[in-house]
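Student: My questions all concern the structure below.
The values are calculated or read from the model by the stated rules, or taken from the named source; none is laboratory data. Given the structure is predicted, the values throughout are model-derived calculations rather than measurements. Glycine also receives a Cβ, built like all others from the backbone with ideal geometry; neighbour counts cover every protein chain displayed. With ligands, DNA and RNA removed, areas are computed over all heavy atoms of the protein, side chains included. Shrake-Rupley method; radii C 1.70, N 1.55, O 1.52, S 1.80 Å.
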Amino acid sequence: MGILIRGGRVVDAAAQMDKIADVYLDDGVIQEVGEKLKVKDKDDSIIDAKGLVVMPGLVDLHVHFRDPGQTEKEDIESGSHAAARGGVTTVVAMPNTTPVIDSPDRANYVKNKVAQVSPIHVIQAGAMTKGELGEELSDIAGMAAAGVPVLSEDGKSVMKASLCKQAMEEAVKAGLPIFDHCEDMTLRGNGCMNDDENAKRLGLPGICNSTEDTIAARDSLLAIETGAKLHLCHCSTRGVAVMMKMLKAEGIQNVTAEVCPHHFILTSDDIERDDPNYKMNPPLRTRKDVDALIEGLKEGYIQVISTDHAPHTQKDKTGSMRTAAFGIVGIETSFALSYTALVETGILTLSQLVEKMSYNPAQILNLPCGTLKEGHPADVVIADIKNPYTIHKADFVSKGRNTPFEGKEVKGKILYTICDGKIVYKDSIVEK
């Protein structure tokens with residue numbers, strides 16, 4: 001049974017398309033994009049998208065689904081349904097679970113569970129070192145043979161430069177990119193927010209920019225030397241933005257970067273009190289850092305917007321920032337927050353936002369999604385960018401409620417999410 005999406009504003013960065021058109025889906029692929037299309041079968045369904053935006057499904061390169069071992073925080077089923085509510089049809093799940101995903105068998109556990117319970121595509125990253133202990137390489141070749149398409153040590157960095165270089169060399173042999181969490185643990189210490197005047201005001205230990213910058217610089221140089229494909233995760237500093245600008249100017253193409261909505265919307269000035277919902281890693285930085293990250297998105301040397309969706313239990317996020325867990329949820333709010341902060345303000349066009357949330361991340365992993373071109377996967381999102389709505393954590397599908405954006409008014413509500421030609425999310429407004 002096909003689906004005809006009629007009369008929407010179709011925005012596809014890959015096809016350089018932004019126009020009113022119809023989109024016809026069948027057999028799990030985009031069959032046709034054009035004007036005045038007709039259904040091909042009497043059982044086809046029709047979605048009236050007049051006044052709405054039709055885009056490729058979003059691709060989030062950085063999520064924590066906590067499965068296996070931390071399923072009180074999130075699991076593959078709850079996380080993937082939360083993704084669908086956020087318009088995300090493909091995610092990359094980080095390997096810092098319990099146990100760590102560092103072998104073919106553990107990767108297959110996720111693959112099998114995804115097939116059973118997930119309405120979207122969940123790609124599992126494999127750890128660079130055994131147990132993410134930073135002492136011995138994991139079975140990189142074995143995981144690659146088992147279908148793991150990306151490596152990461154997310155949650156920490158491989159602190160030994162020589163071992164990190166070996167991991168990159170093995171990644172090159174296996175044809176796998178590395179998603180890089182950049183953090184020098186010897187510099188972070190017991191910090192829980194940015195090292196600035198706000199930390200002093202709150203009497204909290206700070207995390208300096210060089211905690212991130214030093215590893216980002218080291219690993220970028222190692223990637224250039226080894227030829228590894230390196231993607232810098234959740235960039236938060238002006239220093240990393242400047243590095244990415246320099247790399248682009250030098251014509252370096254094997255190092256890419258992402259930024260999360262909280263890092264280009266909030267600063268440490270927004271932390272009015274000791275509130276764990278504002279504790280994430282890396283921390284919220286200064287206005288100077290935020291401006292540099294936004295400039296990187298605008299100029300294209302920061303290529304991707306991801307979420308670092310990090311759900312926790314209420315207990316984990318209660319008390320002081322000193323002792324609470326790092327991380328916030330973001331997969332259900334990322335498009336609306338990004339649209340409101342970047343497109344409504346004129347910083348990016350809608351097509352540029354779609355490029356950074358769909359096409360570019362798909363390209364980094366050589367995925368066929370991220371576009372509405374004919375013959376590509378029927379992963380489609382329909383959103384309302386005209387009418388504002390308010391973010392309420394009580395509405396989240398995720399098990400996590402840890403967000404600093406409670407009560408924020410935004411535009412960009414996801415109304416439909418379609419994955420492989422099947423409607424996997426329909427907003428309650430549509431149901432009515």
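Student: Collect the residues in the range 15-31 that are closer than 12 Å to residue 376 by Cβ and part of a strand (DSSP E or B), keeping them in residue-number order.
Tutor: Scanning the range 15-31 gives 23, 25, 29, 30, 31.
Student: Against the definition (modelled with pLDDT of 95 or more and under 19 Å from residue 14 (Cβ atoms)), how does residue 314 come out, yes or no?
Tutor: no
Student: Moving on to the next point. Taking the residues in the range 61-90 that are more than 19 Å from residue 281 (Cβ to Cβ) and β-branched (Val, Ile, Thr) as candidates, determine which candidate is farthest from the chain's Cα centre (by Cα).
Tutor: Among those residues, the one meeting the criterion is 71.
Student: Pick out the one residue from 268, 306 that is under 19 Å from residue 401 (Cα atoms), touching a Leu at 6+ places or on another chain (Cβ under 6 Å), open to solvent by less than 10 Å² (accessible area, probe 1.4 Å) and at pLDDT 95 or above.
Tutor: After ruling out the rest, the residue left standing is 306.
Student: For residue 289, all conditions in the list (1) open to solvent by 10 Å² or more (accessible area, probe 1.4 Å); (2) of a type outside the set (A, V, I, L, M, F, W, C); (3) outside any loop (DSSP other than H, G, I, E, B) hold save one; what is the number of the exception?
Tutor: Of the numbered conditions (1) open to solvent by 10 Å² or more (accessible area, probe 1.4 Å); (2) of a type outside the set (A, V, I, L, M, F, W, C); (3) outside any loop (DSSP other than H, G, I, E, B), the odd one out for residue 289 is (1).
Student: Checking the condition open to solvent by 10 Å² or more (accessible area, probe 1.4 Å) and not in a loop (DSSP other than H, G, I, E, B), which residue from 222, 176, 204 passes?
Tutor: 222
Student: Shifting gears a bit: Taking residue 321 and the conditions (1) in a helix (DSSP H, G or I); (2) in contact with an Asp or Glu (Cβ under 9 Å, 6 or more places away or on another chain); (3) open to solvent by less than 10 Å² (accessible area, probe 1.4 Å), which numbered condition does it fall short on, given that it satisfies the others?
Tutor: Every condition holds for residue 321 apart from (1).
Student: Right, another one. Mind checking which pairs have a first residue in the range 69-87 that is farther than 20 Å from residue 107 by Cα and open to solvent by less than 10 Å² (accessible area, probe 1.4 Å) and a second that is aromatic (Phe, Trp, Tyr) and part of a helix (DSSP H, G or I), Cβ under 9 Å, 6 or more apart or different chains?
Tutor: From residues that are farther than 20 Å from residue 107 by Cα and open to solvent by less than 10 Å² (accessible area, probe 1.4 Å), the pairs are 86/335; 87/335.
Student: Let me confirm something: among 257, 228, 241, which residue is assigned to a helix (DSSP H, G or I), open to solvent by less than 10 Å² (accessible area, probe 1.4 Å), within 19 Å of residue 364 (Cα to Cα) and in contact (Cβ under 8 Å) with a residue 40 or more places away in the chain?
Tutor: Among 257, 228, 241, only 241 is assigned to a helix (DSSP H, G or I), open to solvent by less than 10 Å² (accessible area, probe 1.4 Å), within 19 Å of residue 364 (Cα to Cα) and in contact (Cβ under 8 Å) with a residue 40 or more places away in the chain.
Student: Looking at residue 334, is it open to solvent by 20 Å² or more (accessible area, probe 1.4 Å) and polar (S, T, N, Q)?
Tutor: no
Student: Right, something else. I'd like to know if the range 54-76 contains one or more residues that are within 30 Å of residue 257 (Cα to Cα), assigned to a strand (DSSP E or B) and among the basic types (Lys, Arg).
Tutor: No - not one qualifying residue is present in the range 54-76.
Student: Determine, yes or no, whether residue 149 is within 22 Å of the chain's Cα centre (by Cα) and either more than 25 Å from residue 399 (Cβ to Cβ) or assigned to a helix (DSSP H, G or I) (or both).
Tutor: Judged against the criteria, residue 149 is a match.
Student: I'd like the residue in the range 244-254 that is hydrophobic (A, V, I, L, M, F, W, C) and assigned to a helix (DSSP H, G or I) and, out of all such residues, is surrounded by the fewest Cβ atoms within 10 Å (Cβ to Cβ).
Tutor: 249
Student: For the range 18-60, give me each residue that is open to solvent by 40 Å² or more (accessible area, probe 1.4 Å), of a type outside the set (A, V, I, L, M), within 30 Å of the chain's Cα centre (by Cα) and closer than 18 Å to residue 7 by Cβ.
Tutor: Result: 18, 19, 31, 32, 48, 50.
Student: Also, I was wondering about something else. Out of 236, 162, which single residue is touching an Asp or Glu at 6+ places or on another chain (Cβ under 7 Å) and either surrounded by fewer than 22 Cβ atoms within 10 Å (Cβ to Cβ) or not in a helix (DSSP H, G or I) (or both)?
Tutor: Answer to the check: 236.
Student: While we're here: With the checklist (1) open to solvent by less than 30 Å² (accessible area, probe 1.4 Å); (2) touching a residue at least 60 places away in the same chain (Cβ under 8 Å) in hand, flag the one item residue 190 doesn't pass.
Tutor: It is condition (1) that residue 190 fails.
Student: Condition (residue is of a type in the set (Val, Ile, Thr), at pLDDT 95 or above, touching a Leu at 6+ places or on another chain (Cβ under 7 Å) and in a loop (DSSP other than H, G, I, E, B)) applied to the range 128-142: is it met by at least one residue?
Tutor: no
Student: Kindly evaluate residue 340 against the criterion of being under 19 Å from residue 412 (Cα atoms), polar (S, T, N, Q) and in contact (Cβ under 8 Å) with a residue 12 or more places away in the chain.
Tutor: Criteria met by residue 340.
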